[in-house]
1. Considering each of PRO105, PRO122 in turn, give the residue that is under 19 Å from ILE25 (Cβ atoms) and either outside the structural domain of ALA68 (by TED's automatic domain parsing) or surrounded by fewer than 22 Cβ atoms within 10 Å (Cβ to Cβ) (or both).
2. When the stretch 54-90 is examined, which residues are found to be at pLDDT below 85 and surrounded by 18 or more Cβ atoms within 10 Å (Cβ to Cβ)?
3. If you take the residues in the stretch 1-45 that are in contact with an Asp or Glu (Cβ under 6 Å, 6 or more places away or on another chain) and over 12 Å from LEU67 (Cβ atoms), which one is modelled with the lowest pLDDT?
4. Counting residues that are in contact with a Pro (Cβ under 9 Å, 6 or more places away or on another chain) and within 20 Å of SER134 (Cβ to Cβ), which helices (runs of 4 or more DSSP H) fully inside the stretch 27-103 reach at least 3?
5. Name the residue that is surrounded by the most Cβ atoms within 10 Å (Cβ to Cβ), counting only residues in the stretch 125-158 that are β-branched (Val, Ile, Thr) and under 16 Å from ALA192 (Cα atoms).
6. For the stretch 126-177, how many residues meet the condition of being closer than 23 Å to LEU101 by Cα and acidic (Asp, Glu)?
7. Filter the stretch 18-42 down to the residues that are within 18 Å of ASP104 (Cβ to Cβ) and of a type outside the set (A, V, I, L, M) and list them by number.
Amino acid sequence: MTPRPRPDLSRRPGRPREEATEQAITAAARQVLADKGVARMSMEHVAAKAGVAKSTLYRRWPSKIELAVHAVAATFDEIEIEDNGSLEADMRAGIGEAARLLRDPSTGGAYAALLAESARDPDGVGQQVRASLSTRLHALVATSVERAIDRGEIRQDMIDVDLLADVVVGSVMHRALATGVPDEEFIDGLIALLADVAYARLRREQREAGELI
């Protein structure tokens, strides 16, 4: 994804300290979530682990659910994907980085805890996960597709970005949480398979349009 502009901190005294505090809280929340799950996670546990007052958490996040979703989603905000020249290369870079993050026990465990709670509470926790975390992961795929369209690799009407994102993200998550670590070989195979499908569809439509012999 294109690098995001960084804020000018020079005129905001104290901001680096606030950011350090938020990072400590976020890391603590991920670990507590991974260790205890959503049901047994508490703001008290997170505050103690982060070394801050409980009121510091509540000033930023009104509930433990909002903190839990933020703690996992913020991890994926760190992913910045440059243009690698092709749909296949861009998707491999983005999803490969997401898989690398999930290999961290606190991130992977926290994400698994959120998914489990989403299944139990689809209209509450599930809605927040879809609105925050899923949006970030889908953006990795959407950015790759948009670049491929601009290059002429595929056409916009050929692909359902949400469906493709669900296939990619779902496969990686299943591999990470149910069948083992999504290693580089798995990521390469998955992306190559999906790229082959996209290119095959393009060639088929070109033949049907008489653009290929």
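The values are calculated or read from the model by the stated rules, or taken from the named source; none is laboratory data. Source: prediction; values computed, not measured. Glycine also receives a Cβ, built like all others from the backbone with ideal geometry; neighbour counts cover every protein chain displayed.
1. Numbers: PRO122 fails: under 19 Å from ILE25 (Cβ atoms).
None of the other options fit; the residue is PRO105.
2. PHE76, ILE79, ILE81, LEU87, GLU88 - these are the residues of the stretch 54-90 that are at pLDDT below 85 and surrounded by 18 or more Cβ atoms within 10 Å (Cβ to Cβ).
3. We begin by selecting, within the stretch 1-45, every residue in contact with an Asp or Glu (Cβ under 6 Å, 6 or more places away or on another chain); these are 1, 3, 38.
Next, only the ones that are over 12 Å from LEU67 (Cβ atoms) stay: 1, 3.
Details: MET1: 45, PRO3: 42.
The selected residue is PRO3.
4. It comes to 87-102.
5. VAL141
6. 2
7. GLN23, THR26, ARG30, GLN31, ASP35, LYS36, GLY37
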